[in-house]
Amino acid sequence: TKSTLTFQWEYDIATIREKTMVSDNLVQVLEANIGRLSSQSRACLQLCSCLGFRFEQSVLESIVPAILPDVTVECATLLKGLVQDGLIESLDAVQARYKFSHDQIHRSALDSIHSTALNSVGYSRREEIHFRIGKVLWEKHMKPNTPIDTRPKKEWSDIPDRLLFLCMDQVNTGRSFMLANGESFLFIEMSKLNLAAAKRAASLGAFVPATEYCQIGLDVLQATTTTKDGEEGEWTNNYNLMLELHVLLAKASLYSGQLERSGIARNSVLMHGRSIDDTIRAYQVLIDQLGIENKCEEMINVSCEVLAKLSMPKLPMNPNRFQVGRSKNRVLKRLSRMRNDQILSLPVMKDKRKEHVIRILNNICCIPAIQLGKFNLMAVALCQLVETTLDCGIAGFSALGFAMIALQFVSSDVEFAYRLTVLADGMVKMETTSKASIARVTLFTAYVRHWREPYSQLMDRVFEGYNVGMRSGDSYTFVCIIGYTGLYFYSGLPLLPLRQDLQKFCALADKYGQKYVLLQLVPSYQCILNLMGESENILDLSLGEAKRYREQENWNGKIGIETEQSYLMQIAFYCDEIDLAASQYKSLNGVELGVFRGVFFHQVRIFFFALIAMAKYKQKKHKHWKKEAMRHVDTIQGWVVQDKSINLVHKLMILKAELLTLDNKTDTNTIC
């Protein structure tokens, strides 16, 4: 089955063996049947084997006249006979799709090409057969009337995925024949078609095949260049094609976890690119990779260098509160003068450089500014992003900017922040919005919408955003897992599904080199393991899986530490270990949360602060603990009464009841 978490196939080997077990004797009998087939049936079977384990009658019929001109019997009749002989099976009678009865039969049919029927009509090598099949499909279904460079993009979308991939897989499998026989007029076309296949594969989230298509396209181009010229000659002779292949190879390799391969392709673009317009996408790949590798300072520095190359005003690295306030007030005034429909009807951004500016500003704010605590830089960058959108039109990443800037206002003006999330959602529905931004839009809007919507509902939205991000190759998609985990944990749902999710999420983050996300998830994962009795000490979140992953990643003792302290504080309170809970309270109280002051996990933290302060007052009768408790209760009451938070009402009721028990003035029955 295909996992909805990882979009990768998961295998139950025992079940597969049970359902596909075929005795060796039966396979030998079926293989012997191949030798007894008529020459036309055998040739048909061999041609089917070239199309793959599964194939379609319509495709077979389109290539037989060109590949097997001596075959006079209709394909449908030949296929019916092969079914009766037990060599193939019908998958779909309506669409006439078939598969081989066993993979050994498929292999035997392929291996027999060298010595039997197909060889008799002049094809001495399997590579030649594959190449001829691909060429026939290409000429019949895809050969353009105009050069591929100038072919409108829409025409490519008219070619079904199965035909495009089948054609390119056949041509690529037989490319050694093409190269050996000097059909050089096809080299450039083949590279362009591989680029088209790579783009289609990437659009479907199949990044590993996309990298292979790009690499084959580059290998074929290399065959058109003399050894003396080398890569320089390839860039000189086919600059645009080399540029597109290298950029897509860098992106697809990054999104499939092949960081070294991505770096080689990216650096080639940076070395040979003729202008910032040509190299900007390679810089974007570099910025994304720095984010994945958690190199936050370097990521910000490179981003600022690229913004300068794009002629943008220099961002202040450490803006003061006056600069932040001025930027936010300017944005607030401009947005207040416009209705939502006016903003959403802004034109599409035409300036390509400004589009890249929008994306880079988002990248600065998404991980590095947050992790480094540069919340003032984040505020100024987001204000610049919103103003650029208002001035130049809506870009592919404008929705993400509006979602993130909502966090800047939620702690002071929930209604205005909520309005910004509505605008972000409206932009997401536009065709121009990049799918690679949707995951983070759903996450950051959830960080605001929890004031008005239940956690469980937001959790589903964030998870769906994660799915979209995985399909689109958004390298920041994994941050959605952090939000999803928190929303699930505090929604009150059973922990077992979350435990299973986190086990897979951590393994996936590890596989893709998502160090920052992995180290943020580890405390949550270990907390759930402890609560479910899968740890020796419920109060120790540093053992087990947490210890294993942290040692593996050479943990610096910082990433995820606040998350660990927060969960430990809650578990300690539940276990009536009030002193331990209070020690975590002291560590967390006063921590600068920046834009996250209005997010749900901060609200939960304040709730436990109040409970712990009341518990300490009951122990020691020190007035400052009662004062602390009252302060935290007042904060939550303000969120409920003034800001109308729907997820804090029951927490406020619990705190009010607990307050009544202080100084033993009210008994439990009265409270109930």
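No value in this document is a laboratory result; all are computed from the given coordinates. Computed from a prediction, not measured in an experiment: that's the story for all the values here. Ideal geometry is used to build each Cβ from the backbone, glycine not excepted, and the neighbour counts take in all protein chains shown.
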By how many degrees, between 0 and 90 and to the nearest 10, does the Cα long axis of helix 187-203 differ from the longest principal axis of the chain? 40
So how far apart, in nm, are the two label points at L346 and L662 if each is 7 Å from Cα heading toward Cβ? 4.7
Cα-based helix-to-principal-axis angle, 39-51 vs the chain, degrees rounded to 10: 30
The rounded separation in angstrom of the Cα centers of region 233-252 and region 605-651 is 60
Largest first and to the nearest Å, give the Cα extent of the chain along each principal axis. 101, 62, 46
Given the Cα-Cα distance of K558 and R330 and 0.36 nm per residue of separation, how much length would full extension add, in nm? 78.5 nm
Whose amide H sits under 5 Å from the amide H of V348, counting only residues 5 or more places off or on another chain, with H placed in the peptide plane? I394
In region 581-671, how does Rg compare with the Kirkwood Rh, expressed as the Rg/Rh ratio over alpha carbon atoms? 0.98
Ranked highest first by the average count of other Cβ atoms within 10 Å around their residues, in what order do 526-537, 291-302, 600-611, 652-663 fall? 600-611, 291-302, 526-537, 652-663
Explain nothing, just compute: Karplus ³J(HN,Hα) = 6.51 cos²θ - 1.76 cosθ + 1.60, θ = phi - 60°, for every residue of region 460-472 in order, whole Hz, x for Gly and Pro. 5, 5, 5, 5, 5, x, 4, 4, 4, x, 5, 6, 8
Percent relative contact order of region 518-614, based on C-alpha pairs within less than 8 angstrom and at least six residues apart? 25
Would you please put 262-275, 197-210, 352-365 in order of how densely packed they are, using the mean number of other Cβ atoms within 10 angstrom per residue and starting with the highest? 352-365, 197-210, 262-275
For a quick check of your reading of the filter: which chymotrypsin sites (Phe, Trp or Tyr not before Pro) in region 319-412 sit in a DSSP loop and have no more than 14 other Cβ atoms within 10 Å? none
Partner lysines for K616 [C-alpha distance under 25 Å; skip if fewer than 8 residues away on the same chain]: K586, K626, K627, K651, K656, K665
Starting from the amide H of I88, placed 1.01 Å from N in the peptide plane, find each other amide H under 5 Å away whose residue is 5 or more places distant or on another chain. V83, S101
Kirkwood-based Rg to Rh ratio, region 292-394, C-alpha trace: 0.98
Charges only on Cβ, +1 for Lys and Arg, -1 for Asp and Glu: so what's the dipole of region 581-671 about the Cα centre, in debye to the nearest 20? 300
So what's the back-of-envelope 222 nm ellipticity for the chain, counting only DSSP H runs of four-plus at -39500 (n - 2.57) apiece and dividing by all residues, rounded to 500? -21500 deg cm²/dmol
Cα-based helix-to-principal-axis angle, 276-292 vs the chain, degrees rounded to 10: 60
Separation between the R162 and K623 pseudo-spin-labels, each 7 Å from Cα along Cα→Cβ, expressed in nm? 8.1
Region 593-607 - phi-based ³J(HN,Hα) in whole Hz, Karplus 6.51/-1.76/1.60, Gly and Pro as x: 9, x, 5, 8, 5, x, 8, 4, 5, 6, 5, 4, 4, 5, 4
Note down the relative contact order for the chain as a percent, whole number, built from C-alpha pairs under 8 angstrom at least six residues apart. 8
What ³J(HN,Hα) values, in whole Hz, does the Karplus curve 6.51 cos²θ - 1.76 cosθ + 1.60 give for region 524-538 when θ = phi - 60°, with x put for Gly and Pro? 5, 4, 5, 4, 5, 4, 5, 5, 8, x, 9, 9, 5, 9, 4
